[in-house]
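Down below is the structure, laid out as C-alpha cells.
The values are calculated or read from the model by the stated rules, or taken from the named source; none is laboratory data. Here the structure is a predicted model, which is why all the values come from computation and not from measurement. Here Cβ is always computed from backbone atoms with ideal geometry, including for glycine, and neighbour counts include all displayed protein chains.
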C-alpha cells in the first residue's frame, strides 16, 4: 500500500504542476488505451518486426495497442428454407445515390440510409457514388453490384433459389467508426429488418 500511495502522490504532483506524464509502466498507473504522439528512435515497421520476432521466439514483448474485447454474440438460428426466405442487402461500404441524400459521412458515420431497388435488376455507376474513405472505390463506381450484389440476387430470385429480395438496400460508412455509433446503427437496422419480416441479411463490406 505504501508503494502504491507513493506512486499516486508522485503522479498527482505532476498533474497539479502540469508536468508531462510518462507511460503507465513508468509511472505505475493503470493503462487506459490512450494514444499519444511522441518522438521515438525506431520506426513503426522496425518496432513491429521486433514484436513479431519476440512473439515467434516466445520472448516477452509489449504491444503498443490495447487489445479490444467484445462480448460474445449468440448466433441466430439458420434459415430453414431459402426458397421461402425474404432477404435484405446491407453494406457498410458507403454506396449511396448521387447527391448523398442522407448526408452520410465518409468517416465515423452517424447516419445510414435505405434506398429503393424496386423494379431494378442492376445498379448503374452513373446513379451512385461512394462516401467512404480508406479504400479505392473506382471499381465500385464502375459497377456498384460489386459492393451491393443486386444483379446476382435478382438472378437467384428469378430462379426461385430465394423467396424474395426486399426492395430497398441499406447503406452506411464503416470507416473509423466508434462502437457507440456502430452499435446504435446496427440496432436500428436490425429493428427495421424485424419490422419488415426479413429472414436473412447479406452484409457486404469493402
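If we scan region 135-145, do we find a residue that is surrounded by 17 or more Cβ atoms within 10 Å (Cβ to Cβ) and either more than 18 Å from residue 96 (Cα to Cα) or free of Cβ contacts under 8 Å to residues at least 40 places away in the same chain (or both)?
Taking region 135-145 as the starting set, the residues that turn out to be surrounded by 17 or more Cβ atoms within 10 Å (Cβ to Cβ) are 137, 140, 144-145.
Narrowing further to those that are either more than 18 Å from residue 96 (Cα to Cα) or free of Cβ contacts under 8 Å to residues at least 40 places away in the same chain (or both): 145.
Yes, region 135-145 contains a residue that is surrounded by 17 or more Cβ atoms within 10 Å (Cβ to Cβ) and either more than 18 Å from residue 96 (Cα to Cα) or free of Cβ contacts under 8 Å to residues at least 40 places away in the same chain (or both).
What single numbered condition from (1) surrounded by 10 or more Cβ atoms within 10 Å (Cβ to Cβ); (2) modelled with pLDDT of 95 or more; (3) over 25 Å from residue 203 (Cα atoms) fails to hold for residue 66?
(2)
Of these, 174, 197, 125, 160, which one is at positive phi, touching a residue at least 12 places away in the same chain (Cβ under 8 Å) and touching a helix residue (DSSP H, G or I) at 6+ places or on another chain (Cβ under 9 Å)?
Result of the check over 174, 197, 125, 160: 160.
Farther than 18 Å from residue 203 by Cβ, over 20 Å from the mean Cα position of the chain (by Cα) and surrounded by 14 or more Cβ atoms within 10 Å (Cβ to Cβ): does that describe residue 124?
No, not satisfied.
With (1) assigned by TED's automatic domain parsing to the domain that holds residue 134; (2) in a loop (DSSP other than H, G, I, E, B) as the list, and residue 87 as the residue in question, which single condition is left unmet?
Of the numbered conditions (1) assigned by TED's automatic domain parsing to the domain that holds residue 134; (2) in a loop (DSSP other than H, G, I, E, B), the odd one out for residue 87 is (2).
Scan region 177-187 for residues that are exposed (fewer than 13 other Cβ atoms within 10 Å of the Cβ) and touching a residue at least 60 places away in the same chain (Cβ under 8 Å) and jot them down.
The answer is 178, and nothing else.
Which of the helices (runs of 4 or more DSSP H) contained wholly in region 1-76 include at least 2 residues that are in contact (Cβ under 8 Å) with a residue 12 or more places away in the chain and touching a helix residue (DSSP H, G or I) at 6+ places or on another chain (Cβ under 8 Å)?
The helices (runs of 4 or more DSSP H) meeting that bar are 2-16.
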